[in-house]
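Scroll down for the structure; my scribbles are underneath it.
The values are calculated or read from the model by the stated rules, or taken from the named source; none is laboratory data. Predicted, not measured: the structure shown is a model, and the values here were computed from it. Here the Cβ is made from the backbone with ideal geometry for all residues, glycine too, and neighbour counts use every protein chain on show.
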Amino acid sequence: MITMQTCEEVFEKLFHQMEYRKFFAPGRINLIGEHTDYNGGHVFPCAITFGTYAIAQKNDDNIVRVYSMNFPEKGVSEFLLKELEYTKEHEWANYPKGVIRYLIEDGYEITAGMNILFYGNIPNGAGLSSSASIELVTGVLVAGLFDLVIDRIDLVKIGKRVENNFIGVNSGIMDQFAIGMGKANQGILLDCQTLQYFYAPIIIENYNIIIMNTNKRRELADSNYNERRSQCEAALIALQKNLQIQSLGELSEGTFEEYKEMIHSDVLIKRAKHAVYENSRTIKALEALKQGDLLGFGVLMNQSHISLRDDYEVTGKELDTLVETAWEQPGVVGARMTGAGFGGCAIAIVEKQQTDSFITVVGKKYEERIGYGGTFYIASIGDGAREINREVII
């Protein structure tokens, strides 16, 4: 097991520095509201207690050196502060590189190089947003080391720019927002069009949130993610011929049904239908939680997955097997995929007393059908990106 002490020992050995600071940024799950963020709709994510740890200190030159405990075979990657271009060979290191580049471009004074060790306990490729976690932990550590005052939402936006412009994934702002702005035991209802948000307590005393990892890796840049976004944009353009709207998220279900025939493609109609109805489900889900109607919230979760499966077509055999098996188990309030899809993770809300049997049965049926096992985690909802000073067992 890797502990913070292990990370500190490796940092000291690699970089020969005995003084350093420690930082953390969580991963995230999205309780409901999938593929709505880039469609100008609402999402309802929360930060989790798995995430990315970083140990960092300034050095005496203008070189940034980064090392990941997750990829020790890659060794230390180095880049000059004056040479912050995307480099394919740097692989994961392009995420912190991009953050540093955009901070400098935005006028923040980064006057020295840095030595940084990263360790993440988010499963790689699981769809819990490990990339945004790296971006935000880099942002808070740079701010900490150089005494920079950076508005947190500005830092969130920088993370999104890295993803979109530096890495080349045309994703929305939800991941960085949840990771940068998360609060323990609270979800965030975020309007992705306006960035208006508020916190909502997640009170599920007798239930657990279970993360179910398909263990099928998904790489957003190589998936059909960008295609789905383009399809929604094409549907929006068709609707704008008769409707004065800037995004699909502005549409009610009724208005969409009235005007959908303007989209002269069955596929594009299905894509747009998901965006519109999912946005509506997200708003309804928040109201259900406010009223303590967890069962109603679960029904909306299930409807969300069905829409992602049938209209948006981003689930696949692995996610469908986990979710549909979960629906059959006692004590399950609701289950759905979370994240972009095409592999990655699903979530389920399960009665605490049924949790052990749930994991056993769903895990067995998944392995029987898919041919390899899934991994299950009990999620806790935690705080957003921050400096950490105490000993942390990872």
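Just need a number here: residues in the stretch 313-329 that are surrounded by 21 or more Cβ atoms within 10 Å (Cβ to Cβ) and not acidic (Asp, Glu).
Taking the stretch 313-329 first, the residues surrounded by 21 or more Cβ atoms within 10 Å (Cβ to Cβ) are 314-315, 318-319, 321-323, 325-326.
Those still in the list that are not acidic (Asp, Glu) too: 314-315, 319, 321-323, 325-326.
Selection size over the stretch 313-329: 8.
Every residue, every condition in (1) surrounded by 14 or more Cβ atoms within 10 Å (Cβ to Cβ); (2) at positive phi; (3) free of Cβ contacts under 8 Å to residues at least 60 places away in the same chain, yes or no:
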| site | (1), (2), (3) |
| --- | --- |
| Thr214 | yes, no, no |
| Asn226 | yes, no, yes |
| Leu239 | yes, no, yes |
| Gly249 | yes, no, no |
| Ser252 | no, no, yes |
| Tyr259 | yes, no, yes |
| Tyr277 | yes, no, yes |
| Ala288 | yes, no, yes |
| Asn302 | yes, no, yes |
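Based on what the data block shows, is His305 touching an Asp or Glu at 6+ places or on another chain (Cβ under 6 Å), at pLDDT 95 or above and not polar (S, T, N, Q)?
On the way: touching an Asp or Glu at 6+ places or on another chain (Cβ under 6 Å): no; at pLDDT 95 or above: yes; not polar (S, T, N, Q): yes.
It is false that His305 is touching an Asp or Glu at 6+ places or on another chain (Cβ under 6 Å), at pLDDT 95 or above and not polar (S, T, N, Q).
List every residue pair whose Cβ atoms lie under 6 Å apart, where the two residues are 6 or more positions apart in sequence or sit on different chains, the first residue falls within the stretch 121-147 and is under 30 Å from Arg336 (Cα atoms), and the second residue, located anywhere, is of a type in the set (Phe, Trp, Tyr) and surrounded by fewer than 24 Cβ atoms within 10 Å (Cβ to Cβ).
That search, which allows pairs on different chains as well, returns Asn121/Phe50; Ile122/Phe50.
Output the number of the condition that Thr315 fails; it satisfies all remaining conditions of (1) of a type in the set (Ser, Thr, Tyr); (2) in contact (Cβ under 8 Å) with a residue 40 or more places away in the chain; (3) touching a Lys or Arg at 6+ places or on another chain (Cβ under 9 Å).
The failed condition is (2).
Quick check: anything in the stretch 320-338 within 19 Å of the chain's Cα centre (by Cα), modelled with pLDDT of 95 or more and more than 21 Å from Ile381 (Cβ to Cβ)?
no
Which one is surrounded by the fewest Cβ atoms within 10 Å (Cβ to Cβ) among residues in the stretch 32-60 that are within 11 Å of the chain's Cα centre (by Cα) and of a type in the set (A, V, I, L, M, F, W, C)?
Only one residue tops the list, namely Ile48.
Which of the residues spanning the stretch 1-31 are among the polar types (S, T, N, Q) and over 15 Å from the mean Cα position of the chain (by Cα)? Steps first, please.
Applying the first criterion (among the polar types (S, T, N, Q)) to the stretch 1-31 yields 3, 5-6, 17, 30.
Result: Thr3, Gln5, Thr6, Gln17.
For the stretch 13-27, enumerate the residues that are crowded, with 24+ Cβ neighbours inside 10 Å and farther than 19 Å from Leu141 by Cα.
Within the stretch 13-27, none qualify.
What residue, among those in the stretch 69-112 that are over 26 Å from Arg152 (Cα atoms) and polar (S, T, N, Q), is surrounded by the fewest Cβ atoms within 10 Å (Cβ to Cβ)?
Only one residue fits best here, namely Thr87.
Taking the stretch 328-362 on its own, how many of its residues are among the hydrophobic types (A, V, I, L, M, F, W, C), without any contact (Cβ under 8 Å) to a residue 60 or more places away in the chain and over 14 Å from Ile211 (Cα atoms)?
Going through the stretch 328-362 one residue at a time, the tally reaches 1.
Can you name every residue in the stretch 189-209 that is among the aliphatic types (A, V, I, L, M) and surrounded by 23 or more Cβ atoms within 10 Å (Cβ to Cβ)? Full working, then the answer.
Restricting attention to the stretch 189-209, the residues satisfying the condition of being among the aliphatic types (A, V, I, L, M) are 189-190, 195, 200, 202-204, 209.
Leu190, the sole residue that qualifies.
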